[in-house]
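Taking it in order: structure first as C-alpha cells, then the write-up.
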Amino acid sequence: MLKRFFGGIFVLLALLMLIPANLYAQQSTNYVLDESVIGSSGSNNSSSSSYNSSSSTGDLSVGNTASDNYQIDTGSKTTHDPTLSFKMINNGSSLGDLSATAPSMTTTSFSVLNYTSYGYVVQIFGPPPTSGAATIASSPLGSSSVPGTDQFGINLVANTLPYSIGSNPDNGQFGFGQAASNYSTTNQYHYISGDTIALAPKSSGETIYTISYLVNVAALKPGGKYSTSQTIVITGTY
Amino acid sequence: MKKQIGIYSRLLTVLALVATSLVQAISFSPVGASQITNRSLQLIQGADADNGGSIAGAVVKHQFTFTLPTAGTVGSIQFEYCTLAAGTCTVPTGLATTSATLGDESLSAVQGFSIVNTTDGTPYLTRTASATSANDVAILRLDSITNPTDVNQTFFVRISTFASTDTTGGAVDTGTVAASTADPIVLSGTMPESLVFCTGATVSTTALVPDCATATSGAISFNQLFSPTDTATATSQMAASTNAGFGYAITVNGPTLTSGSNTVAPMSTAVAGVKGIGQFGINLKANTVSTSTIAIGTEIAPVSNGTNYRGQALVDYNAADTFKFTSGDSVADSSNGGAGGTDAQIYTASYIVNVPGSQPAGTYTTTLTYICTPKF
C-alpha cells in the first residue's frame, strides 16, 4: 500500500515536471531574473495577445561562447530556428524649437533580440529633417556640435556634450549588441541614410539601443516645422 | 494483486520519466534535408522611397542571401512566408507576394531563374534543373513584395531548394530566416519664423553685426534750410534680417513734405535732383556731389553676396543721384542671388529736397513708415 502511495507521488511529480510554469518579472530591489521558468523544460516563443516570452530553467550554465570559427549556445535545449524580435520603445520624438544659438537634442530607443544567429546588423534609413524644400544638412563623420551651422546627426552612445543625453547599448545579461564604429564616439554625431548604426557579432539576447539626435541650424534656416520619418532595418544572419 | 499494482506503478513512473526526457530531447527537422547556412533576408526599400524596406505594408524588395551546403541539383527554390519559424505555416497578415518579381540574381552563384508567384506567401523560383556546387552562394532578390501590415512584426521565411522545377518532391536543402517590420521613427522640430527690422536716424553694429538695439530716434532734420539754389539733404537708416524662405520686401509709406496746405512736390519718377524746382525724393545708394555739396548716403552694408546677405535696393531707388518718392513703393528686398533669408544689413535712405523760389515759407514735415514684409 505504501509503495502504491509513493508510486503515485512519483507519477504526479513526473507529470508536473512536464508543465512549465512561467513567472512574470521576478525581481526585488536586489535582483532580477530576466528569463525565468519553473519546471523541467523551456518554452520558446510563448505568447498571447498581451505578452511574449522565451524561457528556460535548470541550466548549470547559460550563454554564448564563440570564436572566429564557431559558437556555442549553452543552456536548455532550444529550437535551432531563428528568433528575431524587434521593438520600438519610443518612436515619436520632438526636437522642440530649433535655434541658431542652442543645439536641439532628443532620443528614441529600440530593442533587438536575435538568438540562434551569427549576429545581425541594424541600418537606419530616411532623409534628414525637411520643411518644404528646406533641409537640415547631415553631419559629416566626426562632427561635434556647432551651433549656428546646419547639422543633423546621431549616435548610439552616452554623451556629455552639448548635453548629457543618450545611453550606451544596454545588453542586459545576454546581449552582445554594440554601436557601429561611425556612431559609437561620445559627443560626435553623424548621419548617412542606409548606414549600419549597430550590430551584434554573434547570437545575442536583447539589446536596448538609444539613438541620440542632434540638430543645429543656421540663423537663416527658413522657419517652419522640420520633420522626418526614419526606419530601422534589422538583418540577421542564420 | 498488490504486487501487480506495484509493478504498474513503477512502470508508470518509468514511462513518465522517459516521456519527460523525450519531450526535452526531441526536435523535429525535415528528414534528409541539409541546413542552408549563412542565410539572411535583407529588407530593401522600394524604388521610390527612402524607408529602408521595413515599413509595415510597404511594397519593398526582399533579398535572400544563403549558402547551399552540398553539391546537387536545383530546379526550384521556394520562399515560404510564415508567422513562425517552424510548425504549421500561417502567412503573416497583410503580406502579399502575388505581384512579386525576380529583381536581381546577377550576383548569385545559382542563376537562370524565373518566378512563380501564384500562391500568396509561397513564391518560388524555377529553372531548368541544373547542378550546383557545394557552398554556392545564392543572392536572390524578390521585388514588389508587400510587407506584413503589423508593425514591429517578426516574420519568417522558410527557404527550401528542390531538384524538381515546381517544388514537388522532397526538399534538398532548407533553412529559415527572420525579419521584422518596424514602426517608423518620427522626428520633428520647429524653426521659429524670424524677422528683425528697425529704423532710426542711425543703426550701428555690435561686433560688426547690425544691431537694432543701437537704433536712434527716427526724428531727423535736413542739413539746411530749403533753398531754390541748393539741395537740402538728410539720411536715415534701417536694418533687416529674416529667415523667411522667400525673403522680405520693404515699402515706404507716407505723404510728401507738408506745411499746412503747402507741400513739396514728390518725385513721381526716378530722376536726378534739379535745383529750383519742387522735388522730394529718396534713394538707398551712395550719392555723389552731383546731387549735393556734401555727398550723402552709403551702400547697403555688409555688401550683399547672394548667399547670407541678400538685401538690395529696388529699381527707381537703386541708382546713385537718382531719386523718387511714391508712397507704397517697394524700395528694397532680399532677392540678391534669389529670394531668401538674409542676415542683417543696414540700408541708408537718402532724402533730397529742392524747392522753387515761390515755395511758401514754413516748416515742412512728414512721417514716413517703412514696412518690412517677410514671406515664409
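Read-outs: derived from the displayed coordinates by stated rules, not from any lab. No experiment lies behind these values; they were computed from the predicted model shown. Because the Cβ atoms are built from the backbone with ideal geometry, glycine has one as well, and the counts that use them run over all protein chains shown.
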* To do: Calculate the translational D of the stretch B:195-374 in whole µm² s⁻¹ from Stokes-Einstein, where the hydrodynamic radius comes from the Kirkwood formula applied to all Cα pairs, the temperature is 10 °C and the viscosity 1.306 mPa s.
  => 97 µm²/s
* Asked: If one computes P(r) from the Cα atoms of the stretch B:116-263, what percent of pairs lie at distances over 18 Å?
  -> 78 percent
* Return, in residue-number order, each cysteine of chain B whose C-beta is not under 4.7 Å from any other cysteine's C-beta. => B:CYS372
* For the residue pair A:VAL146 and B:SER261, what label-to-label distance in nm results when each label sits 7 Å from Cα along the Cα-to-beta-carbon direction? -> 6.7 nm
* Asked: How far is it, in nm, from the label point at A:ALA133 to the one at B:ALA131 when both lie 7 Å from their Cα along the line to the Cβ?
  -> 6.2 nm
* Mean separation of Cα pairs under 8 Å and 6+ residues apart, divided by the residue count of the stretch A:86-236: what relative contact order is that in percent? -> 38 percent
* **Cα-projected label distance for B:ASP120 with A:THR107, points at 7 Å along beta-carbon direction, nm** => 4.2 nm
* **Filter on A:LYS221/B:LYS375; A:LYS225/B:LYS375; B:LYS285/B:LYS324; A:LYS221/B:LYS285 - keep pairs with C-alpha separation over 18 Å** => A:LYS221/B:LYS285
* To do: Within chain B, what's the longest run with no trypsin sites (Lys or Arg not before Pro) in a DSSP loop and at most 16 other beta-carbon atoms within 10 Å? Give the range, please.
  => B:1-274
* Asked: Which net charge results for the neighbourhood of A:ALA198, defined as the other residues with beta-carbon distances under 15 angstrom from its beta-carbon, given Lys and Arg at +1 and Asp and Glu at -1?
  -> -1
* Neighbour-limited loop hits for chymotrypsin sites (Phe, Trp or Tyr not before Pro), the stretch B:239-285 (at most 16 other Cβ within 10 Å; DSSP other than H, G, I, E, B) -> none
* Projected-area mean, the stretch A:169-226, by convex hull of Cα positions, square nanometres -> 5.6 nm²
* To do: Shielding by partners for B:35-42, please: the mean number of other protein chain Cβ atoms within 10 Å of each residue's Cβ.
  => 5
* To do: Would you tell me the mean number of C-beta atoms belonging to other protein chains that fall within 10 Å of each C-beta in A:213-221, as a whole number?
  => 5
* Structure fact -> The aspartates and glutamates whose Cα lies under 17 Å from the Cα of B:LYS275, excluding any fewer than 8 residues away in the same chain, are B:ASP230, B:ASP321
* Asked: Between the helical axis of B:2-25 and the dominant principal axis of chain B, each derived from Cα atoms, what acute angle in degrees is found, rounded to the nearest 10?
  -> 40 degrees
* Asked: Taking 0.36 nm per intervening residue step and subtracting the Cα-Cα distance, what contour gain separates B:THR73 from B:ALA47 on full extension?
  -> 6.0 nm
* Asked: Which percent of Cα-Cα pairs in the stretch A:86-236 sits in each 5 Å bin, short to long?
  -> 2, 10, 20, 23, 19, 12, 7, 4, 2, 0, 0
* Asked: When we measure straight from the Cα of A:LYS87, which aspartates and glutamates land under 15 angstrom away, once same-chain ones fewer than 8 places off are left out?
  -> A:ASP170, A:GLU206, B:ASP150, B:ASP183
